[in-house]
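Visitor: For reference, the structure I am asking about is given below.
The values are calculated or read from the model by the stated rules, or taken from the named source; none is laboratory data. Small disclaimer: the values here were computed from a predicted structure and weren't measured. Positions of Cβ are backbone-derived with ideal geometry, glycine not excepted, and every protein chain shown enters the neighbour counts. For the accessible areas, the whole protein counts, side chains as well, though only heavy atoms, and no ligand, DNA or RNA atoms are used. Shrake-Rupley method; radii C 1.70, N 1.55, O 1.52, S 1.80 Å.
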Amino acid sequence: MTLNRRHLLAAGLAAPALLKLGAGPAQAATTLKLSHQFPGGSIDEGDFRDRMCRKFAAAIKERSKGAMEVQVYPGSSLMKTNAQFSAMRKGALDLSLYPSPYAGGEVPEMNIGLMPALVSSYAQAVAWKDAPVGRKLTEILEAKGIVLVSWVWQAGGIASRERPLLTPEDAKGMKVRGGSREMDLMMKQAGAATLSLPSNESYAAMQTGACDAVLTSSTSLISFRLEEISKALTSGRERSYWFMLEPIMMSKIVFSGLPKDQQDLIMAVGTELESFGQEGAKADDTRVEEVFGKAGAKVVQLDEPTLGKWRDIARDTAWKDFANKNASCAELLKLAEKVA
């Protein structure tokens, strides 16, 4: 938001006070800042998550007739990746397209957004929003100061420096970036060593040998150019145990300070862009195979029996650990398992 609004918030005044001041044509536009960690591009070219944010900004400006503007900050250029969720909760950042498990340290329930083998198709993932599990997750986040604006799911795969990581047996002795605590628990049980880092730090970790294999979304595998340092790709195109909820989120403090018509516009545009997000994710599941294949990497696919092996490990490790965190996590997991 604007500096003036932040001053008012610091003084203990409600945000609507700013919006009601100086009513009339001379009133300044409400400016929102949207941060994300992914490479920047244009509204037509580049990482679809950056494009989605730019489309969001363009639609908000056009449909509010300039009363609202959204400034997009790609590549964690506004603030570091891991700081964005906490900043939104405090009202210091307005919006972010943010990987849900990155918030798991503050809100453990968010790790369900990358629970290994819990979601295994886009149809199942998309059904979450309007199912009891989606409504429960929305309630939990609002209680923690976050509004879910636009739901986006991405399938993922594995880039490996040397040999493919396909079966649980392949994981033994490998240093793996899983992307969430739960994914790491499954990998450790399979015999891997794990490390925790944002996907935008994956290239350096693989380049130095600190990491042998990176699990991340198909889009990130492409955007962070991991084909340059990989000899193998386990694709998530046909099936995957790696599905991540990566929504556009908004600070509830900021959202609540806006007038109802602006709140409604933000939620409407967010909902309308969900189909663009899902189409972008699916397109990259195919494109990643082309990119890695062209670079000379061996491309392999999970079959159903292998996916079942990973699911068995996940159920005994990650699912169990998550359900034991608190009653809310246990309830979320039960609700999620009901979504076919």
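Visitor: Please go through region 282-298 and give me each residue that is exposed (fewer than 15 other Cβ atoms within 10 Å of the Cβ) and either part of a strand (DSSP E or B) or touching an Asp or Glu at 6+ places or on another chain (Cβ under 7 Å) (or both), ordered by number.
Guide: 298
Visitor: For a quick check of your reading of the model, give me the residue pairs whose first member lies in region 49-76 and is outside any helix (DSSP H, G or I), whose second is at pLDDT 95 or above and open to solvent by 60 Å² or more (accessible area, probe 1.4 Å), with beta-carbon atoms closer than 6 Å and at least 6 apart or on different chains.
Guide: Once the first residue is outside any helix (DSSP H, G or I) and sits in region 49-76, its partners that are at pLDDT 95 or above and open to solvent by 60 Å² or more (accessible area, probe 1.4 Å) give 69/61; 72/54.
Visitor: Scan region 243-253 and tell me whether some residue there is open to solvent by 60 Å² or more (accessible area, probe 1.4 Å), under 25 Å from residue 134 (Cβ atoms), touching a residue at least 40 places away in the same chain (Cβ under 8 Å) and not charged (D, E, K, R).
Guide: Within region 243-253, one or more residues are open to solvent by 60 Å² or more (accessible area, probe 1.4 Å), under 25 Å from residue 134 (Cβ atoms), touching a residue at least 40 places away in the same chain (Cβ under 8 Å) and not charged (D, E, K, R).
Visitor: Okay, moving on. Here's a check for you: in region 119-144, which residue that is open to solvent by less than 10 Å² (accessible area, probe 1.4 Å) and more than 14 Å from the chain's Cα centre (by Cα) is nearest to residue 202 (Cα to Cα)?
Guide: Across region 119-144, the extreme among qualifying residues is 119.
Visitor: Does residue 78 fit the bill of being buried (at least 18 other Cβ atoms within 10 Å of the Cβ) and over 25 Å from residue 182 (Cβ atoms)?
Guide: Criteria met by residue 78.
Visitor: Quick one: in region 227-241, which of the residues that are out of contact with any helix residue (DSSP H, G or I) (no Cβ under 7 Å at 6 or more places or on another chain) and not basic (Lys, Arg) is nearest to residue 134 (Cα to Cα)?
Guide: 240
Visitor: Within region 176-188, is there a residue that is within 30 Å of residue 137 (Cα to Cα), among the charged types (D, E, K, R) and assigned to a strand (DSSP E or B)?
Guide: There is at least one residue in region 176-188 that is within 30 Å of residue 137 (Cα to Cα), among the charged types (D, E, K, R) and assigned to a strand (DSSP E or B).
Visitor: Consider residue 221 carefully, then state whether it is buried (at least 24 other Cβ atoms within 10 Å of the Cβ) and assigned to a strand (DSSP E or B).
Guide: no
Visitor: May I pose another question? Looking only at region 286-323, count how many residues are among the basic types (Lys, Arg) and touching a Cys at 6+ places or on another chain (Cβ under 7 Å).
Guide: The number of residues fulfilling the criteria is 0.
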